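*Asks:* Structure provided below as structure tokens; questions to follow.
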Amino acid sequence: MELQSVIMWRFSVVFFSLGWMLLPLLSGAHRDSLARSVAGSLLIVNTLQCVAANRLLRPVLDHYLGRAVLRPRAWWASTGLLGSALALVLALDALDAASPVTCRMALAAVLLPFGMVYVLFLPVRAFVRRSTVLAGALAVATALVRWDAMDAVATGVMTAFAVGFCLLASRCAAWTLAVLWEAERAREIEARLAVAEERLRFGRDLHDVMGRNLAVIALKSELAVELARRGRPEALEQMIEVQRIAQESQREVREVVRGYREADLGAELARAQGVLTAAGIRCTVTGSATGLPAPVQSALAWVVREAATNVLRHGDARHCAVSLSVAGERIVLRVENDGAPDGGQGRGSGLVGLRERLSEIGGSLRAGPAEPGVFRLTAEVPLPPSAPVPVAPARADEVTS
């Protein structure tokens, strides 16, 4: 699109400028030697104007699009050629070497190559103000040269026409090009944001997957070391369990990398119960996840996993209660544990990740002390219309240890 615009700009500068100059001079200039000399000089200067304008086009366009800065001294040659061309037009008019219509067309022709690029260098208001001053000066000069008010008005009208043509043909095209480049930059930014979001998702998933497993590995390793020091055969069983958890962690990490992992709420409830029981924490689970949609199960499963991890890491809990119930139009998952005197479980990146997960399905998360020595984590998500109601009483397979 930019290449097409540049080609059209170059073509327009040459075609309209020389078209408005060459044909009127061939048909409207007088045949005497002085008139031909002035007309020929005007054609040469106008051709040089087109060359200078086309050389400035790329730098001016880069300046307009914010890709480079164009210094004012770059306009010295073009400004000098414009002044020479205007002086020759006034001389053509003063010597009566061409008809008034030819002189007005020649005026527009010399203004066009300069204005087509100069309009990209200045703000629109500044360009219009300077063009208005130039139009007034040319009208006054024409009135002094020919002593004809109509010619002065025609000069002002032709100057205004050339200014309007430059604004429509050049400035509007440049604005369209700027919008296209801005859209292209927005696409690049959107792509970078998508990559950053995916990195955040990966980091969050990796934290959720490895946090609990590493805590369990550390716990069981300490237990195995202690049993081995005492010469107990149970140390071997604990190390076998550590090996199993490590292998499961490898599998889960691979699934996270592929982006296909969907946690199962029922399995996560049973797993959390088993892990906490193995750590000597009495755990009770009430409610059922049967029939809940996969996105809801996945989000709540991550909540259960993070909550179990925090119970293992923080405080000195002796009892943990997990309940799944319905309150109005929302599914409520509540995890309570004792042994949290400072409420330290409410801080950390894990809960931030959980809030992000729940917000994606319209859910919310609250975490904090419920009463002295008791920490409560509550997750709520909207209840889908077709979802069955989770069972509120304790399940038949509930385990209390």
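*Asks:* Output yes when any residue across segment 181-196 is surrounded by 11 or more Cβ atoms within 10 Å (Cβ to Cβ), in contact (Cβ under 8 Å) with a residue 40 or more places away in the chain and assigned to a helix (DSSP H, G or I), and no when none is.
*Replies:* Yes: one or more hits.
For (1) of a type in the set (Val, Ile, Thr); (2) open to solvent by 50 Å² or more (accessible area, probe 1.4 Å); (3) out of contact with any Ser or Thr (no Cβ under 7 Å at 6 or more places or on another chain), each residue gets a yes or a no:
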position: Pro24; (1), (2), (3): no, no, no
position: Leu43; (1), (2), (3): no, no, yes
position: Arg71; (1), (2), (3): no, yes, yes
position: Ser84; (1), (2), (3): no, yes, yes
position: Val89; (1), (2), (3): yes, no, yes
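*Asks:* Do we have Val253 as modelled with pLDDT under 85, among the β-branched types (Val, Ile, Thr) and within 21 Å of Gly203 (Cβ to Cβ) here?
*Replies:* yes
*Asks:* If we scan segment 305-321, do we find a residue that is within 38 Å of the chain's Cα centre (by Cα) and either farther than 17 Å from Arg204 by Cα or modelled with pLDDT of 90 or more (or both)?
*Replies:* No - not one qualifying residue is present in segment 305-321.
*Asks:* Looking for something open to solvent by 30 Å² or more (accessible area, probe 1.4 Å) and under 50 Å from the mean Cα position of the chain (by Cα) - is there at least one such residue anywhere in segment 91-110?
*Replies:* yes
*Asks:* Residues to consider are Thr79, Thr132; find the one that is open to solvent by 30 Å² or more (accessible area, probe 1.4 Å), of a type in the set (S, T, N, Q) and without any contact (Cβ under 8 Å) to a residue 12 or more places away in the chain.
*Replies:* Thr132
*Asks:* Moving to a separate point now. Among the residues of segment 340-383, count how many are at pLDDT below 70, of a type outside the set (A, V, I, L, M, F, W, C), open to solvent by less than 40 Å² (accessible area, probe 1.4 Å) and out of contact with any helix residue (DSSP H, G or I) (no Cβ under 6 Å at 6 or more places or on another chain).
*Replies:* 3
Per-residue answers, yes or no, for (1) at pLDDT 75 or above; (2) among the aliphatic types (A, V, I, L, M); (3) within 32 Å of the chain's Cα centre (by Cα):
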| position | (1), (2), (3) |
| --- | --- |
| Ala194 | no, yes, yes |
| Glu198 | no, no, yes |
| Ala224 | yes, yes, no |
| Gln247 | yes, no, no |
| Val257 | no, yes, yes |
| Leu265 | yes, yes, no |
| Gln273 | yes, no, no |
| Gly280 | yes, no, no |
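*Asks:* Do you know which residues across segment 224-238 are of a type in the set (Asp, Glu) and open to solvent by 70 Å² or more (accessible area, probe 1.4 Å)?
*Replies:* Correct list: Glu226, Glu237.
*Asks:* Looking only at residues that are of a type in the set (Val, Ile, Thr) and closer than 18 Å to Ser12 by Cα in segment 149-180, which one is least open to solvent (accessible area, probe 1.4 Å)?
*Replies:* So, considering only residues that are of a type in the set (Val, Ile, Thr) and closer than 18 Å to Ser12 by Cα, the one least open to solvent (accessible area, probe 1.4 Å) is Thr159.
Here is a yes/no grid of residues against (1) in contact with a strand residue (DSSP E or B) (Cβ under 6 Å, 6 or more places away or on another chain); (2) farther than 16 Å from Ala35 by Cα; (3) of a type outside the set (A, V, I, L, M):
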position	(1), (2), (3)
Leu86	no, no, no
Val89	no, no, no
Leu95	no, no, no
Thr102	no, no, yes
Leu111	no, yes, no
Leu138	no, yes, no
Leu144	no, yes, no
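The values are calculated or read from the model by the stated rules, or taken from the named source; none is laboratory data. All of these numbers come straight from a predicted model, not from anything done at the bench. Every residue, glycine among them, receives a Cβ derived from its backbone with ideal geometry; neighbour counts consider all protein chains shown. Note: accessible area is taken over every heavy atom of the protein model, side chains too, but ligands, DNA and RNA are not part of it. Shrake-Rupley method; radii C 1.70, N 1.55, O 1.52, S 1.80 Å.
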